[in-house]
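These notes concern the structure reproduced below.
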Amino acid sequence: MSDKILVVEDEIALRDTLAYNLTKQGYDVETADDGQRAIEIARKTKPDLIILDIMLPILDGFEVCRVIRQEMNIPIIMLTAKDEEIDRVIGLEMGADDYVTKPFSMRELMARVKAHLRRVRLIRAEIDTEAQIPKEIINFGDLTIDMTRREAYKNNQPLNLKPKEFDLLLFLVRHKGQMLSRELILERVWGWDFSGGSRTVDVHIRWLREKIEDDPAQPRRILTVRGSGYRFEG
């Protein structure tokens, strides 16, 4: 079965070009030209990946990303005409997995699409494998991490962790007490082909601290190693 990709772009020429090239690669492609329509199609078709422009009619790409991320765990690649860090940061904070700045190379975009879909398949395979083995639970005081179910709790209350937040927490836990550089975290959690910078790690660390620390301003679990990276103390 072909992977389903939703292309959300209001510029007709670019939307048709993306759809044509993706179809040539064997993907099942749906398109939308405004944010509201994108959400409707995503809810109906449950795509495997979304290519999402920021500047859209009715609802912009940031809002579409926020809504979809609350309902679905699928890769979102955002397209932006502005090469500004603030757009990338906002996109990542809304839950985007990657971004591409216009104008972009179609070959580069196709490579990113393949990389994200490959990562999704690997995660699904790992989940299927983990379902066949006994549940592994790790406790750090009031913090509980269920590695098999990919869930975390604080004071027995579930934490609403985004997929990348859980991946990051799990990587930190598995290397408890070790200093981990931003570059290493980026490579192991996001993959070597991710084009975002170390700011991505800092943003997700901040989100994690807000959820697992008693006082995020004075963290006791995820410590900053000045000039180097981070260390998880449990």
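The values are calculated or read from the model by the stated rules, or taken from the named source; none is laboratory data. Predicted model, so just to flag it, every value in this text is computed and none were measured. Neighbour counts run over all protein chains shown; Cβ positions are idealised from the backbone, glycine included.
Residue by residue, here is whether (1) buried (at least 16 other Cβ atoms within 10 Å of the Cβ); (2) within 26 Å of Trp207 (Cα to Cα); (3) not assigned by TED's automatic domain parsing to the domain that holds His204 holds:
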{"residue": "Thr17", "(1), (2), (3)": "no, no, yes"}
{"residue": "Leu22", "(1), (2), (3)": "yes, no, yes"}
{"residue": "Arg43", "(1), (2), (3)": "no, no, yes"}
{"residue": "Gly61", "(1), (2), (3)": "yes, yes, yes"}
{"residue": "Gln70", "(1), (2), (3)": "no, yes, yes"}
{"residue": "Val100", "(1), (2), (3)": "yes, yes, yes"}
{"residue": "Met106", "(1), (2), (3)": "no, no, yes"}
{"residue": "Ala111", "(1), (2), (3)": "no, no, yes"}
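Taking the criterion of being among the polar types (S, T, N, Q) and in a loop (DSSP other than H, G, I, E, B), the only residue of segment 198-215 that qualifies is Ser198. Could you grab the pairs with beta carbons closer than 9 Å, sequence gap of 6+ or different chains, first residue in segment 26-53 and among the basic types (Lys, Arg), second one in a helix (DSSP H, G or I)? Listed by first residue and then by second, the contacts come to Arg43/Ile68; Arg43/Glu71. Output yes when any residue across segment 79-93 is in a loop (DSSP other than H, G, I, E, B) and touching a helix residue (DSSP H, G or I) at 6+ places or on another chain (Cβ under 7 Å), and no when none is. No, segment 79-93 contains no residue that is in a loop (DSSP other than H, G, I, E, B) and touching a helix residue (DSSP H, G or I) at 6+ places or on another chain (Cβ under 7 Å).
For segment 2-54, the strands (runs of 3 or more DSSP E) that sit wholly inside it and include 2 or more residues that are within 19 Å of Met106 (Cβ to Cβ), out of contact with any Asp or Glu (no Cβ under 7 Å at 6 or more places or on another chain) and aliphatic (A, V, I, L, M) are 49-53.
Checked against (1) of a type outside the set (Asp, Glu); (2) touching a Lys or Arg at 6+ places or on another chain (Cβ under 6 Å); (3) not in a loop (DSSP other than H, G, I, E, B), Pro219 passes all but a single condition, namely (3).
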